[in-house]
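This report concerns only the one structure given below.
The values are calculated or read from the model by the stated rules, or taken from the named source; none is laboratory data. Since the model is a prediction, treat every value here as computed from it, not as a measurement. Positions of Cβ are backbone-derived with ideal geometry, glycine not excepted, and every protein chain shown enters the neighbour counts. Note: areas computed on protein heavy atoms with side chains; ligands, DNA, RNA excluded. Shrake-Rupley method; radii C 1.70, N 1.55, O 1.52, S 1.80 Å.
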Amino acid sequence: MTSTPRERLTDAAFALFAERGFHETTVDDVVARAGVGRTTFFRVFSGKEDAVFPDHEALVARVEERLAASEAPALQAAADAAGLVLEHYLAEGDRARLRYRITRQVAALRDREAASQLPYHRTFRVFLRRLTDESEASDLRAELLAGAVVTAHNHVLRRWLRGHTDAADARAELGRAMAEVARWAAPSGSPAPPPRETEIVVVRSSRPVEELLPALRAAAGEPTT
């Protein structure tokens, strides 16, 4: 199958980054390796830095589609969509790990990587927000839940990128991480029981009140000591 200019340029860029390093690779090097012109490069990317990152716009669109099509409960749908993002990186394999090493070394790329998380957070927040009421508290809850989903995914992804887990372990870890998010999001404890009603009975007796109080407390179900 014929590759697109973007794919050829990306393949060439990562091959050169691995061989020479990011700073030592120029746009001219990339276009020469890819067999295209500079005009083609700048139609696809605004600069060399753009070639480092995946097509987040397309990936976010896939997340939105997955969420819109899901019939699962809200947090399960979010977990499935987060799994879709993880699978993208797992499929990249060594390229994803090389990208991680490059972004650790170049401050400007770390900033871009951090900014790239915002569209995912916004997508999950909008999805989770639609499933709640219109209160201000629901705004905050959707914001917090979206942050928890993104953070859980990124934690698992970084462990895989650092070589601490393989693909199967990463998938299992994501499942456990999203289950933890669901536990955190669930209401804590059970509803408090309604207050016990107190029944007042008027009693006439010749006995002193001090002698009657223990019997009255016992009848009301209160401790007598």
#### Entry: Å² of accessible area per residue within the range 1-48, as computed with a 1.4 Å probe and no ligands counted
58
### Query
How would you rank 102-114, 170-182, highest first, on the average number of other Cβ atoms within 10 Å across their residues?
170-182, 102-114
### Task
Set the Förster radius R0 to 22 Å, insert the Cβ-Cβ distance between ALA179 and ARG104 as r into 1/(1 + (r/R0)^6), and round the FRET efficiency to 0.05.
0.15
### Message
Computing the accessible area with a 1.4 Å probe over protein heavy atoms, can you report the carbon and sulfur percentage for the range 103-158?
### Response
55
### Query
Relative contact order for the range 69-190 using alpha-carbon pairs under 8 Å, separation at least 6, rounded to a whole percent?
29
